[in-house]
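Undergrad: Quick one: this structure, given as structure tokens, is what I'll be asking you about.
The values are calculated or read from the model by the stated rules, or taken from the named source; none is laboratory data. From a predicted model like this one, the values you see are computed outputs, not experimental measurements. A quick note on method: Cβ atoms are made from the backbone with ideal geometry, for glycine too, and the neighbour counts reach across all protein chains shown. Just so you know, the surface numbers come from the protein's heavy atoms only, side chains and all, with ligands and any DNA or RNA stripped out. Shrake-Rupley method; radii C 1.70, N 1.55, O 1.52, S 1.80 Å.
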Amino acid sequence: EVVEVGTQLVLLVDASEDIFKDGKTGDPRYQEVSNIVTRLVERSTFSPSDDWMAAFAPAAGETIQPIIDWTRDHGAVRNELYIYEPQRGTGETPLNKLLYYGLDSFASPQLDERAQRAMVLFSDGVDNLSSDWIDTATNRANAMNVAINTVLLGDGTAASRSNLERIAVTTSGHFFLLGYLVFTVVAGVEFFIGGDLLIVIFALALGSVF
């Protein structure tokens with residue numbers, strides 16, 4: 001007997017001060033994240049009975065807080081990100097701390113540990129605090145069978161892009177660039193739901209913000 005265990009997707013928004021800068025679309029970067037998630041939810045075939053989503057971001061006091069905690073109401077995820085505005089003055093958040101928080105969230109008792117799991121990290125890739133410790137987070141993700149997909153916000157630098165590529169590649173995830181090249185970047189790549197179905201949806205979501 002086949003049992004549907006669904007999927008679990010964590011959205012991580014690296015809300016450092018650069019999140020307020022204009023992104024590739026001309027909108028502030030945090031609004032670009034909202035636009036992407038809106039299109040992802042509207043275009044996808046998430047099941048309201050089996051597929052869970054959550055979104056987290058840094059907040060004041062060097063903490064990380066839910067934008068919205070685990071839910072199967074994908075419209076609510078879209079809505080919370082639509083009204084989300086990062087707190088100013090949060091400073092830099094180590095990427096490994098943000099990744100660890102996302103991984104810890106899978107311990108929620110309402111989640112089925114048999115489900116397919118993944119995270120999407122939206123970030124400029126800048127990490128002056130934990131670059132040497134990123135591997136500890138990616139090693140844990142691999143142990144938990146969680147793919148981490150990364151989306152570069154802004155132009156980035158060689159170092160910041162390398163950080164995001166490293167996180168994605170070492171966890172069997174994928175690295176995405178916002179821009180007109182998004183379709184060539186993701187063409188033929190499989191994501192974690194339904195073969196390559198969600199990766200196509202995700203590519204459309206990314207591409208349609210331009």
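Undergrad: Could you check region 112-143 and list, in sequence order, the residues that are open to solvent by 50 Å² or more (accessible area, probe 1.4 Å) and of a type in the set (Phe, Trp, Tyr)?
TA: Matches in region 112-143: TRP133 only.
Undergrad: If you don't mind, there's one more thing I want to ask. Does any residue of region 138-155 turn out to be at pLDDT below 85, in a helix (DSSP H, G or I) and of a type in the set (A, V, I, L, M)?
TA: No: region 138-155 contains no residue that is at pLDDT below 85, in a helix (DSSP H, G or I) and of a type in the set (A, V, I, L, M).
Undergrad: Could you list, in sequence order, all residues of region 156-166 that are part of a helix (DSSP H, G or I) and free of Cβ contacts under 8 Å to residues at least 40 places away in the same chain?
TA: ALA158, ALA159, SER160, ARG161, SER162, GLU165, ARG166
Undergrad: Is there any pair linking a residue in region 83-101 that is in contact (Cβ under 8 Å) with a residue 12 or more places away in the chain to one that is open to solvent by 80 Å² or more (accessible area, probe 1.4 Å), with Cβ under 6 Å and at least six apart or on different chains, and which?
TA: Matching pairs, first to second residue: GLU92/LEU129; PRO94/LEU129; ASN96/TRP133.
Undergrad: While we're here: For region 54-78, what are the residues that are touching a Gly at 6+ places or on another chain (Cβ under 9 Å), surrounded by 15 or more Cβ atoms within 10 Å (Cβ to Cβ) and charged (D, E, K, R)?
TA: The answer is ARG72, and nothing else.
Undergrad: Return the residues of region 45-66 that are more than 16 Å from the chain's Cα centre (by Cα) and free of Cβ contacts under 8 Å to residues at least 24 places away in the same chain; say none if nothing qualifies.
TA: Within region 45-66, GLY61, THR63 qualify.
Undergrad: I need a count of the residues in region 15-41 that are open to solvent by 10 Å² or more (accessible area, probe 1.4 Å) and over 14 Å from MET53 (Cα atoms).
TA: Qualifying residue count for the region: 17.
Undergrad: Could you please give the count of residues in region 114-136 that are in contact with a Lys or Arg (Cβ under 9 Å, 6 or more places away or on another chain) and at pLDDT 90 or above?
TA: Going through region 114-136 one residue at a time, the tally reaches 1.
Undergrad: Another one. Just to be sure, is ALA76 assigned to a strand (DSSP E or B) and among the small types (Gly, Ala, Ser)?
TA: Spelling it out, it is not the case that ALA76 is assigned to a strand (DSSP E or B) and among the small types (Gly, Ala, Ser).
Undergrad: Looking for something under 23 Å from ASP127 (Cβ atoms) and not in a helix (DSSP H, G or I) - is there at least one such residue anywhere in region 30-52?
TA: Scanning region 30-52, I find no residue that is under 23 Å from ASP127 (Cβ atoms) and not in a helix (DSSP H, G or I), so the answer is no.
Undergrad: Can you give me the number of residues within region 89-111 that are assigned to a loop (DSSP other than H, G, I, E, B) and open to solvent by 50 Å² or more (accessible area, probe 1.4 Å)?
TA: Of the residues in that region, 5 qualify.
Undergrad: Can you tell me which residue among VAL151, VAL146 is within 15 Å of ALA55 (Cβ to Cβ), surrounded by 23 or more Cβ atoms within 10 Å (Cβ to Cβ) and not small (Gly, Ala, Ser)?
TA: Just one listed residue meets the conditions, VAL151.
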